[in-house]
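The values are calculated or read from the model by the stated rules, or taken from the named source; none is laboratory data. Every value quoted in this text rests on a predicted model; they were computed, and no experiment measured them. No Cβ is skipped: glycine too gets one built from the backbone with ideal geometry, and neighbour counts run over all protein chains shown. Accessible surface is based on the protein model in full, side chains and every heavy atom, while ligands, DNA and RNA are left aside. Shrake-Rupley method; radii C 1.70, N 1.55, O 1.52, S 1.80 Å.
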Amino acid sequence: QVQVVESGGGLVQAGDSLRLSCAASGRTFSNYVMGWFRQAPGKERDFVAAISGGGTTTAYEDSVKGRFTISRDNAKNTVSLQMNSLKPEDTAVYYCAAKRGPWGVGVYEYNYWGQGTQVTVSS
């Protein structure tokens with residue numbers, strides 16, 4: 001079992017950068033696909049980015065491609081989301097999640113979730 005805890009959210013202005021971090025427990029962190037998801041008020045939780053266990057494969061939602069970068073450090077059991085050129089539409093609660101088994105980016109494929117961290121981008 002894996003427990004994940006997000007940090008790094010906050011209030012920023014459009015065009016600013018923010019880095020989210022996720023710390024995970026467990027001795028087999030590299031066996032898990034890690035993902036970031038977000039949920040805006042009144043909307044469903046959506047995929048943002050994912051990274052494979054070894055860090056060699058990544059995927060991004062179209063609207064964040066070229067602006068967000070996901071990375072992981074298996075020695076430290078952490079995964080990060082570097083967010084650049086933030087836009088007001090990026091405002092949401094961001095969740096870190098872990099997935100056992102093969103690659104996947106669907107919300108319902110992820111087994112373990114953090115509590116979320118709020119990101120607010122003002123215009």
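Observations on the model:
- Looking across segment 22-44, the residues that are surrounded by fewer than 18 Cβ atoms within 10 Å (Cβ to Cβ) and at negative phi come down to 23, 25, 27, 28, 30, 31, 39, 40, 41, 43, 44.
- All positions within segment 89-123 that are surrounded by 17 or more Cβ atoms within 10 Å (Cβ to Cβ), small (Gly, Ala, Ser) and either at pLDDT below 95 or assigned to a strand (DSSP E or B) (or both): 92, 97, 98
- Number of the condition not met by residue 28 [criteria: (1) of a type in the set (Ser, Thr, Tyr); (2) at pLDDT below 95; (3) within 21 Å of residue 11 (Cα to Cα)]: (3)
- Residue identified as in contact (Cβ under 8 Å) with a residue 24 or more places away in the chain and more than 16 Å from residue 23 (Cα to Cα) among 62, 90: 90
- In this entry, residue 85 is excluded by the filter for residues that are open to solvent by 40 Å² or more (accessible area, probe 1.4 Å) and assigned to a strand (DSSP E or B).
- Qualifying residue in segment 92-109 (condition: farther than 18 Å from residue 2 by Cβ, of a type in the set (D, E, K, R) and touching a strand residue (DSSP E or B) at 6+ places or on another chain (Cβ under 6 Å)): no
- Of the residues making up segment 1-39, those that are more than 14 Å from the chain's Cα centre (by Cα) and either charged (D, E, K, R) or not in a loop (DSSP other than H, G, I, E, B) (or both) are 10, 11, 12, 13, 16, 27, 29, 30, 31.
- From the list 71, 123, the one residue that fits, being closer than 22 Å to residue 9 by Cβ, out of contact with any Lys or Arg (no Cβ under 9 Å at 6 or more places or on another chain) and among the small types (Gly, Ala, Ser), is 71.
- Residue count for segment 59-113, restricted to those that are more than 29 Å from residue 27 (Cβ to Cβ) and of a type outside the set (A, V, I, L, M): 13
- One residue stands out among those in segment 62-82 that are of a type in the set (Lys, Arg) and within 15 Å of the chain's Cα centre (by Cα): the one that is surrounded by the fewest Cβ atoms within 10 Å (Cβ to Cβ), which is 65.
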